[in-house]
Each structure stands twice: as C-alpha cells, then as structure tokens.
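To start, the structure itself, in structure tokens.
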Amino acid sequence: MSKERNEINVEYTWDLTSVFADDQAWRDEFVSLEADVAKGSDLAGHLLDSAQNLLEITELQLSLMRRLEKLYVYASMKQDEDTRVSAYQELYSQINGLYARFGQTFAFYEPEFMAVTKEQLESYMAEEPGLNLYRHYFDRLLFQKEHVLSPKEEALLAGASEIFGSASEMFEILDNADIVLPFIEDENGDAVQLTHGNYIHFMESDDRRVRKDAYEALYSVYEQYQHTYAKTLQTTVKVHNYQAQVRNYQSARQAALAANFIPESVYDTLLKAVNRHLPLLHRYVALKARILGLDDIRMYDIYTPLSRNNLSISYEESLEKSKEVLAVLGDDYLSKVKDAFDNRWIDVYENKGKRSGAYSGGSYDTKAYMLLNWQDNLDNLYTLVHETGHSMHSSYSRETQPYVYGDYSIFLAEIASTTNENILTEKLLASVEDKESRFAILNHYLDGFRGTVFRQTQFAEFEQLIHKADQEGQVLTSDFLNQTYGDLNAKYYGLSVEENPQIQYEWARIPHFYYNYYVFQYATGFAAASALADKIVHGTDEDGEAYINYLKAGNSDYPLAVISKAGVNMEVEDYLNDAFAVFERRLDELENLAQELGVL
C-alpha cells in the first residue's frame, strides 16, 4: 500500500518554499498579478505607435508571463503532490483562469504586430536599441503570420482556452484521482492494490501468473471506463483539429509542428524508418519468447526482464551512480547535478493521490524540479538520469539566456534527457565485463529502445491516425479506437489482438495523447541522443563543449539549427539508421551472450 503524503520523509520531497513561502504568499502574488494583467487592456491598438511602445509592451507582456509561469509551477506541483486535495485543485483552476484572462488581454499583440513591415521594424530597431534583443523573437512571430487571426478572433480563442483544455484536465482527474485499481496477489500470495506506480513492477515479475493478473486487472478498469476515456480523447482531438482549422493550417499535425518550426517531413521520416525496421522488434520479441521458454508469448510478457541477475538499486545508490557517469559532461555540469540531488529539487517516492509517472518542471525563476515515483530497480536509475537531463537543460538555458529565450523547443527537450540515458548505457557497458551483468544491461537497453523508439512511434502513428480520422468525419468511439489501436499494436509487435484482447484498451491510459503531437519527439530524441552520447563518451573535448552549448542555446535559434550545431542533422534519415544499427549490434550481442550463458 502506498503511503499518505505526510508519511513521506521530508528529505525525499521537493522544497517548493523557494517558489513561494506558503499558500498565502502565492495568493498575494496572484491578486497582484491579476490587477497588473487587467491594466494591459488599455494597450490594445497602440503596439506599433512607436519604437518605444513596441519595446515597452513587449517587455510588459513577457514580464507578466514570467510571473504567471512561477504561479503555475507552484499550483500545479502542489496539486501533483496529492491530486485529491481540493485546495490545490482550486489554486490550479485559478491560475488557469488567469492564464486565460492574460491571453484575452494580450490577444491584440500578435495581430497588431503582424501589421509591421520589414522596413518599419528595422527602423524601430535602429531607433530603439533595446529591441534588438528581440530580433529572433520577432522573426519567429512573423514566421506564423498567415496563421494569426484578427484581434477580436484571437481574443475569442484566448477566452476559450480553459474550455479547450477541460477534456485533458478531466482525463488527469479521472486517471489519477477517481479510478480505483483492483487488488491482486503478489508473488508471495499477499493482496496488493495496483497503482500506476507499481504496475510496471508487477509486469516485470518473474512470476507469469502475477504478470497476467496485474495486466488483466488493470485493463479491466480501462475496459469498464472505455466510453468515458473515448469521450475525453475524442474531445481533445476535436479541439486540436478545430484550432488548426481556424488558424488556416491543413492539419493539427502541421499546426503542432509549425509551433516548433519542424517540417512534417521529420515526422513522416520517423514513421517510415521505424516501420521499415519493425522486423528488428519482431526478432527481439521472438528472442524474448525463446529465452523465457514461452511458445505463447503475450503482451504481458513484453516487459519481463530476461536476466535473473538482481539489479535492484536503491535511490541513494542511484544518485551516486548518476554523478559518476554524468561526470563525463564536465565539472560545471556535475556541480549542477549535485545541487539538484542535494537541495531537494526531487520529489522521490509515490504517495496516495500523487501524480503518476515522472517529469522535470519549474520555470525561469525556480529550480528545475523533478517528480519521480521511485522503485528500486535499474529502470528507475534510467528515469533519474533522464529527468536530470531535462533539468540540466533547463538550468543551462535559464542561466545563459534572457527570459525571452530561456526556454527550449519541446522538439529538443527529449534529446537532452535521452542523451543522459545513452551515456549511462555506454558507461555501464564499458565498465562491466561480467557476462550476466552485461546481459542484464543489454536487455535493459533493448527494452528501453523498444519503449522509446518503437513504442513512442507506435503512439505517434496512432495519434496521426485518430486526428486524420476525426478530420475526415469519423466518430472516435471506443470501438473505433480499440480497433485502430489493436491493429496497430499487432503490426508493431507481431502479436495478434485475438490472443491479446486487453491491449486494445491501452490507448485509454496514455496521457501523452492529450499533449498534441508530443510523443514522436521521444523517438526522434532518443535516436539523436544515440549519436550525441557516442560523441560525448568517445569523441573529443570539442564534442562535449558543443553539447553544452546546445544546452545553453534555449530558444535563441530554430530547433533544427540548434541541434545541428551539436553535430546531428535531423532533416535526413541517417541519425535514425545509425540508432537502429546500434540496436541491432546490441541485439546480436544479447543473442550471443544468451547462448554462452545457456539460457537459449
């Protein structure tokens, strides 16, 4: 049974007092910011009156957004600590409401700015040197010119932002707070309640009966609520398609990728490359079946580690191992890692009502906090270095760039995190000679690749299919979603829906389908990270320096240009093929080791 929040040792919880001392301090700032946002309503119609106006209104808008983000961080993270607490649900609702009002107040900004001519903008920059800081910011805005609506239309859309996000919020509450997962019997015959946090633990059990029971118990709940989940997902997809349509995009995918200046060809290249390499996944699944001694492998066997070597690792041991392997990134990077580990940037253990999964968060004026739901295993060590990669990326960007460029494209976000994972794998394989331990590490890498490149691309393909279906008038009923997802899963794993009926409901439990074309970046990021990790571990000091400069770049350039400077060209397929070559090479080694160890 998971503990209540107040039963968790405080040293394993994040310290949000550096954001706001307490809830009252948050409320005081909320009231102050609310009043300041309201004052912006008098500025509409005056953005381009003069160079000074353009500078002052731009800086006011950004300064208010900066304060909004800090308020949001506190409210959202306090809610994530225990999603059952109504007081933090209220704070979270309040800050979302203020975001909407802020959006309405400054809805005039982009439409008015789009009226500027190139000559006028250059004249203003010459007249007011302070505007030169925002040159790239302005270029990014003008890039979207044909998709910005009139001030009145922008205000209407901004005012509806809470409504547009309501289906996603309903999913979060339903999935994290309302549904009750069943009890199962663990390996010892003891009754244990399933949670989002311990589910994977049971799926990795050596006891097939436990895996099967946990799998069927979990999906019995999603089958029960499939129609509700279908409605929240359908609504979210309709919102994405509607917003794309009114902004004159051809599709929701085009709109989502254009926001990060990513051509759709990057997405299509990923799907084609992964589909072409699906035989490698089928080969890995077949190898897993042989090693496990199964002639009827099922989806509930996919997560089962092939190694009997106990690689249990505590949180404290994982902190030390993370520092050891990440030292390759240099003293400055390591000092930042130590600061995060030693000064309560991390919320470590699961508690009742806590948001599931893991993430790195924060804002420009806060620490780059991390949320975990820790279990003592190798997978959680990888999660730790993954989220640490995000947090170090955030820290470098915020410390190096002014606020306007202090964030980074979500397209680049997953590269920093998975580079850390690949460094960990490289370091472990370089230092471990024991065949059984090496076998376990290779198995973990291959499972990680399966989960990040193959699985996330499967999600991306599903996301594209359902958005296109809705755009073409197909109703996204649970039957349609089940059929679509089941067939796609069968294609990827080579395992039939008839023998794995529960997997057709998996779509219902995936929060990333509410993130508007986010998941493909896990796959592209992992593949790019494979190339970067190789450069960092086996390359020159210049390679490491180029990588740190990528972390520092933030939004100061376009995403593909930023990562290109670090040494990876993501506009061609080579980086994906290189990643699959590493997968195949390590799969070969795992097969050979399996024979040497006599497990085949």
Convex hull volume of the chain per residue (C-alpha atoms, cubic angstrom): 148 Å³
When the Karplus curve 6.51 cos²θ - 1.76 cosθ + 1.60 is applied with θ = phi - 60°, which whole-Hz ³J(HN,Hα) does each residue of segment 488-495 get, with x for Gly and Pro? 5, 4, 4, 5, 5, 9, x, 10
With every protein chain left in place, what is the accessible area per residue of segment 106-185 in square angstrom, probe 1.4 Å? 51 Å²
May I ask for the distance between the Cα centers of segment 404-430 and segment 99-157, given as a whole number of Å? 32 Å
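Under 14 Å from the Cβ of Q502, count the other residues' Cβ atoms, weight Lys and Arg +1, Asp and Glu -1, and hand me the total.
Taking every Cβ under 14 Å from that of Q502, the sum is -3.
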With everything on Cα atoms, drop me the angle between helix 23-39 and the longest principal axis of the chain, reported from 0 to 90° to the nearest 10. 40 degrees
Accessible area per residue of segment 438-477 at 1.4 Å probe, in Å²? 28 Å²
Taking H placed 1.01 Å from N in the peptide plane, check which residues at least 5 places from F183 or on another chain put their amide H under 5 Å from its amide H. L194
Cut-off under 5 Å, modelled amide H: who pairs with M370 long-range: I346, D347, G361
In segment 294-351, which GluC sites (Glu not before Pro) are in a loop and have at most 14 other Cβ atoms within 10 Å, using DSSP for the loop call? none
Which is farthest toward the positive dipole end of the chain among A256, N549, Y199, measuring Cα position about the Cα centre, with Cβ charges +1 (Lys, Arg) and -1 (Asp, Glu)? A256
Carbon plus sulfur fraction of accessible area for the chain, probe 1.4 Å, in percent: 47 percent
What spacing in nm lies between the two simple spin-label points modelled at N9 and L465, each 7 Å away from Cα in the Cβ direction? 4.7 nm
If one compares the long axis through the Cα atoms of helix 278-292 with the longest principal axis of the Cα atoms of the chain, the angle in degrees, nearest 10, works out at 40 degrees
For Y522, what charge total do you get from the other residues with a beta carbon under 9 Å from its beta carbon, if Lys and Arg give +1 and Asp and Glu give -1? 0
For segment 393-552, place one equal point scatterer on every Cα, skip the solvent, and apply the Debye formula. What is log10 of I(q)/I(0) at q = 0.08, 0.13 Å⁻¹? -0.34, -0.78
Can you compute 3J(HN,Hα) from phi for each residue in segment 158-165, using the Karplus curve 6.51 cos²θ - 1.76 cosθ + 1.60 with θ = phi - 60°, rounded to whole Hz and x for Gly and Pro? 4, x, 9, 4, 5, 5, 4, x
Under the Karplus curve 6.51 cos²θ - 1.76 cosθ + 1.60, θ = phi - 60°, whole-Hz ³J(HN,Hα) for segment 438-450, x wherever Gly or Pro sits: 5, 4, 5, 5, 4, 4, 5, 4, 5, 5, x, 5, 4
I'd like the orientation of helix 331-342 relative to the chain: the angle between its Cα long axis and the longest Cα principal axis, in ° from 0 to 90, rounded to 10. 80 degrees
For segment 345-385, what is the accessible area per residue in Å², given a 1.4 Å probe and the full set of protein chains? 26 Å²
Sum up the charges of everything whose Cβ sits under 15 Å from the Cβ of N9, counting Lys and Arg as +1 and Asp and Glu as -1, but leave N9 out. -4
Give me the one-decimal nm value for the distance between modelled label points at D178 and Q120, 7 Å along each residue's Cα-to-Cβ direction. 4.9 nm
Just list whichever of K78/K427; K3/K212; K238/K352; K367/K435 have alpha carbons separated by over 29 Å in the model shown. K78/K427; K238/K352; K367/K435
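The values are calculated or read from the model by the stated rules, or taken from the named source; none is laboratory data. Please read these numbers as outputs of a predicted model, since none were measured by experiment. Neighbour counts run over all protein chains shown; Cβ positions are idealised from the backbone, glycine included. Surface accessibility is based on the protein's heavy atoms, side chains included, excluding ligands, DNA and RNA. Shrake-Rupley method; radii C 1.70, N 1.55, O 1.52, S 1.80 Å.
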